[in-house]
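Participant: Structure in structure tokens, see below.
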Amino acid sequence: MTKLVVDGIEVDVPPDFTLLQACEAAGAEIPRFCFHERLSIAGNCRMCLVELKGAPKPVASCAWGVRDCRPGPNGEPPTVSTKSPMVKKAREGVMEFLLINHPLDCPICDQGGECDLQDQAMAYGVDTTRFHENKRAVHDKYIGPLVKTSMNRCIHCTRCIRFVAEVAGVPDLGATGRGEDMEITTYLEHAMGSELQANVADLCPVGALTHKPQAFNLRPWELSKTASVDVMDAVGSNIRVDSRGREVMRVLPRVHEGINEEWISDKTRQHVDGLRLQRLDRPFLREDGRLRPASWAEAFAAIAARVKAAAPARIGAIAGDLAAVEEMWALKLLIQALGSPNIDARQDGSVLHPAHGRASYLFNPSIAGIEDADAILIVGSNPRLEASIVNARIRKRWRMAPLPVGVIGQRVDLTYDHAHLGAGPDSLDELAAGRLDFLDVLKRAERPLVVLGPGATARADGAAILAALSGLAGSIGAVAGGWNGLAVLHGAASRVGALDIGFVPGEGGMTAPAMAEAGALDVLFNLGADEIEIAPGAFVIYQGTHGDRGAHRADVILPGAAYTEKSGTYVNTEGRVQQTGRAVFPPGDAREDWAILRALSDHLGQRLPFDNLPALRRDLYAAHPHLARLDEIAPADGAAALSAWAGLGAGGGAGSGREPFRSPVRDFFLTNPIARASRVMAECSALQTATPALQAAE
């Protein structure tokens, strides 16, 4: 530790701190525009100037290391002042320079009320200027459908350039020219190709980059802010839902160091128009081949008549990718009360099962734990499309100190260097047999990480793949010495929660693909499962939010609440329990899903044992206590999971099927009914032909 005196306060800080960090540790507030904690140091705005005793002029605190500070003549600790007249004059001078060319756009600028330049101008701006030249003019650039440019406002902080180059790994943005001729642009002004690109608008300290879909639609002081969790993938990114009246206006990231740091994907951020488009806002009943609006009583009566006429073994339920734990628990209790074992939340046909132990379906090292790995093997996954934030974390680890990354699956651009070891199960067998040099790399690693994606588990030969992977993981020490490097990456927000509560077929029960086959069932409850084709034959009760694939197949539609319209529990891919917050109310006659199932249970003569959400959660927590511990990850036994997987092998290797691994994500922007209802996501999807990196490799 190094001792400093900041504004008369003595502090001890690590020698690798910058002066800016040291000053903040002492409680001083340092203005900045170019500096950002998660980006490299640029040192080009000079707003963070401080006075360092002995220095001939103010120093940029963001670029001056504590270890570079010289002690006094008698060994006194370095002295820093952040409030001296010299500092005040220097910062006012910097602000005056910044405002030479900055237009007076505050009344129409979407950053108004959230603008760093506005805030700092209040503290360090003056009401006159010594510069009377004409302001420079810069043409606005087209950089895609998500980010709007007003480049006259740009102060050349280069945060956006550093983000796309360092965090996103798709260096689309750059600078041309020098001095006042410098401009930020993409190559030939094409759309940016990163799935994290909209974060640059959050980083912009002025209004040069703003969110295009929200342009001229809102002011921050009009909005109600609700802490929530993202459900567009299984990462569980922490978000803030901003609403006005009954409408969600925007989604912004919340800081969570263990999950998403302060980034979110473009789909997470800009799917919000899909929350109000193509919504189901009343019950529907199919008569003579056509759906007609109906009352709740009519819908429940039609369901009750069909259920009572069906044998228990001919009734089933499938839960979709966006379902919260509460409604899945209610549906499970209802189907069990009807005497049926046919329940499943794995509509993709995954072989992951809670009987193999909780560690067999979790991202066990945790998302933050990726930074501790020293070798990574990715099997059957394209994390850039399936979990963009996880991919960014892998890239962060790769940038800290390049580590070997091997991929068995599709040949894709993951934004970091990796070795493509093969395409399918036969390559996994070759690696396990030692015929690929990468096995030695994994064995030499102290903390090898094996990432298993849905492209490997949702296959007919998935059990054989798990068995082969068990042997490989055991041979390289992926689960040993306090390190659990077995990382199962999910793509569905509901999947881990469903496995936790056992929403899988009971003894003699059918899986989701089996239930969807023609003639398999007489009555099928579809809880928002829109990614599976249900063959004709069964009477389908669809409970969901949008007029998507499931609603088109339904005989009865019960309108549910989207994740922004209810308080629901979700368990992310690493097993962390989190809850969404209700930001707005459901439209029309739509209701929260657990409440619909509770009302339906009365008509079916199987009344569920709760009347409100707290009572439901008490029942849920009694059966699964770990779900009550929010923002915690219950420990899981990785060795037991490997042992269970090993028992799945019937004497063969993974190569029992020769089809290459393929990611289930064909279109990053259209993976669920909310995203498919969004016009913004549709526009982004249409642009994928110009940005092939976002397409799943064929």
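The values are calculated or read from the model by the stated rules, or taken from the named source; none is laboratory data. Bear in mind that the values here come from a model prediction, so they are computed numbers and not experimental data. Cβ coordinates were reconstructed from backbone atoms using ideal geometry, including for glycine residues, and neighbour counts include every protein chain displayed. Surface accessibility is based on the protein's heavy atoms, side chains included, excluding ligands, DNA and RNA. Shrake-Rupley method; radii C 1.70, N 1.55, O 1.52, S 1.80 Å.
Participant: What is the gain in length, in nm to one decimal, between Arg244 and Phe97 on full extension, counting 0.36 nm per residue of separation less the C-alpha to C-alpha distance? Walk me through the intermediate numbers first.
Facilitator: Values: separation 147, 0.36 × 147 = 52.92 nm, distance 3.75 nm.
Contour length minus Cα-Cα distance gives 49.2 nm.
Participant: Could I ask something else about it? What net charge is computed for the residues neighbouring Val206, neighbours being all others with C-beta under 12 Å from the C-beta of Val206, Lys and Arg scored +1, Asp and Glu -1?
Facilitator: Working: positive: Arg153, Arg159; negative: Asp105, Asp110, Glu114, Asp116, Asp119.
Once all neighbours under 12 Å are counted, the net charge is -3.
Participant: Another question, then. Determine ³J(HN,Hα), in whole Hz, for all residues of region 185-195 in sequence, where each value follows from phi through the Karplus function 6.51 cos²θ - 1.76 cosθ + 1.60 and θ = phi - 60°; x replaces Gly and Pro.
Facilitator: Result, ordered by residue: 7, 9, 5, 6, 6, 8, 5, 5, x, 8, 7 Hz.
Participant: Would you please give the FRET efficiency between Asp16 and Asp140, computed as 1/(1 + (r/R0)^6) with r the Cβ-Cβ distance and R0 = 51 Å, to the nearest 0.05? Walk me through the numbers on the way to the answer.
Facilitator: On the way: r = 40 Å, r/R0 = 0.79.
So, using R0 = 51 Å, E works out to roughly 0.80.
Participant: Probe 1.4 Å, all protein chains in place: accessible area of Glu565 in Å², nearest 10?
Facilitator: Counting only protein heavy atoms, Glu565 exposes about 10 Å² to solvent.
Participant: Also: Under 11 Å from a point placed 7 Å out from the Cα of Ser567 along the Cα-to-Cβ direction: which residues of region 616-631 have their backbone N that close?
Facilitator: It comes to 617, nothing else.
Participant: Rounded to the nearest whole Å², what accessible area per residue is found for the chain with the 1.4 Å probe? Please report the intermediate quantities before stating the final value.
Facilitator: Values: 27280 Å² over 698 residues.
Accessible area per residue, the chain: 39 Å².
Participant: Now, a different point. Tell me, what HN-Hα J-couplings in whole Hz come from the Karplus equation 6.51 cos²θ - 1.76 cosθ + 1.60 at θ = phi - 60° for each residue of region 40-45, using x for Gly and Pro?
Facilitator: 5, 7, 9, x, 10, 9
Participant: Count the net charge of all other residues whose Cβ sits under 11 Å from the Cβ of Phe610, scoring Lys and Arg as +1 and Asp and Glu as -1. All intermediate terms of the calculation are to be shown ahead of the outcome.
Facilitator: Details: positive: Arg598, Arg607, Arg617, Arg618; negative: Glu326, Asp611, Asp619.
Around Phe610, the charge tally is +1.
Participant: Okay, moving on. With the cut-off at 27 Å, tell me which of the pairs Lys57/Lys396; Lys53/Lys88; Lys267/Lys566 have Cα atoms farther apart than that.
Facilitator: Numbers: Lys57/Lys396 36 Å; Lys53/Lys88 16 Å; Lys267/Lys566 20 Å.
Check vs 27 Å cut-off fails for Lys57/Lys396.
Participant: Counting only protein heavy atoms, what percent of the accessible surface of the chain is carbon or sulfur at a 1.4 Å probe?
Facilitator: Values: 14120 of 27280 Å².
Percent of accessible area from carbon and sulfur atoms in the chain: 52.
Participant: Sorted by mean Cβ packing within 10 Å, highest first, what order do the peptides 423-429, 362-368 take? Don't skip to the end; give the middle numbers.
Facilitator: Details: 423-429: 22.4, 362-368: 24.1.
Final packing ranking: 362-368, 423-429.
Participant: Through the Karplus equation 6.51 cos²θ - 1.76 cosθ + 1.60, θ set to phi - 60°, convert the phi angles of region 578-590 into ³J(HN,Hα) values in whole Hz; use x for Gly and Pro.
Facilitator: The phi angles translate into 9, 10, 7, x, 7, 8, 9, 9, x, x, x, 8, 5 Hz.
Participant: Still on this structure, I have one more. At each listed q (0.10 Å⁻¹), what is the log10 of I(q)/I(0) that the Debye formula gives for the chain modelled as equal alpha-carbon point scatterers?
Facilitator: With one equal scatterer per Cα and no solvent, log10 I(q)/I(0) is -1.01.
Participant: Ok, one more. Students often check this: by mean Cβ neighbours within 10 Å, which of 93-106, 49-62 ranks highest, and how do the rest follow?
Facilitator: Values: 93-106: 16.6, 49-62: 18.9.
In descending order of packing, they fall as 49-62, 93-106.
Participant: Now for a separate question. How would Tyr416, Tyr124 rank on accessible area, largest to smallest, probe 1.4 Å? Don't skip to the end; give the middle numbers.
Facilitator: Values: Tyr416 10, Tyr124 40 Å².
From most exposed to least exposed: Tyr124, Tyr416.
Participant: Here's something else I'd like to know. How far apart, in nm, are the 7 Å Cα→Cβ label points at Glu371 and Ala535?
Facilitator: Calculated label separation equals 5.1 nm.
Participant: Something else: Report relative contact order for region 156-290 in percent, whole number only (criteria: Cα-Cα under 8 Å, sequence separation at least 6).
Facilitator: Numbers: 175 pairs, mean separation 21.7, N = 135.
Taking the mean separation of contacting Cα pairs over the length of region 156-290, I get 16 percent.
Participant: Taking 0.36 nm per residue of sequence separation and subtracting the Cα-Cα distance, how much length would be gained by fully extending the chain between Arg290 and Ala640, in nm to one decimal? Could the numbers behind the result be given before it?
Facilitator: Working: separation 350, 0.36 × 350 = 126.00 nm, distance 5.13 nm.
Here the answer is 120.9 nm.
Participant: If amide hydrogens are placed 1.01 Å from N in the peptide plane, which non-local residues have theirs closer than 5 Å to the one on Phe525?
Facilitator: Sorted by chain and number, the residues that satisfy this are Gly316, Ala317, Ile318, Ile541.
Participant: If you don't mind, there's one more thing I want to ask. Might you work out the accessible area of Leu203 for me, using a 1.4 Å probe with all protein chains in place, and round it to the nearest 10 Å²?
Facilitator: Roughly 10 Å² of Leu203 is accessible to a 1.4 Å probe.
Participant: Express in nm, to one decimal, how much length is gained between Phe131 and Glu29 on full extension, taking 0.36 nm for each residue of separation and deducting their alpha carbon distance.
Facilitator: On the way: separation 102, 0.36 × 102 = 36.72 nm, distance 2.87 nm.
Stretched out fully, the Phe131 to Glu29 stretch lengthens by 33.8 nm.
Participant: Could you order the peptides 632-639, 144-151 from most to least packed, using the average number of other C-beta atoms within 10 Å per residue? Working shown, then result.
Facilitator: Working: 632-639: 16.1, 144-151: 22.0.
Peptide ranking by packing, descending: 144-151, 632-639.
Participant: For every other residue with a beta carbon closer than 12 angstrom to the beta carbon of Ala368, add +1 if it is Lys or Arg and -1 if Asp or Glu, then tell me the sum.
Facilitator: -1
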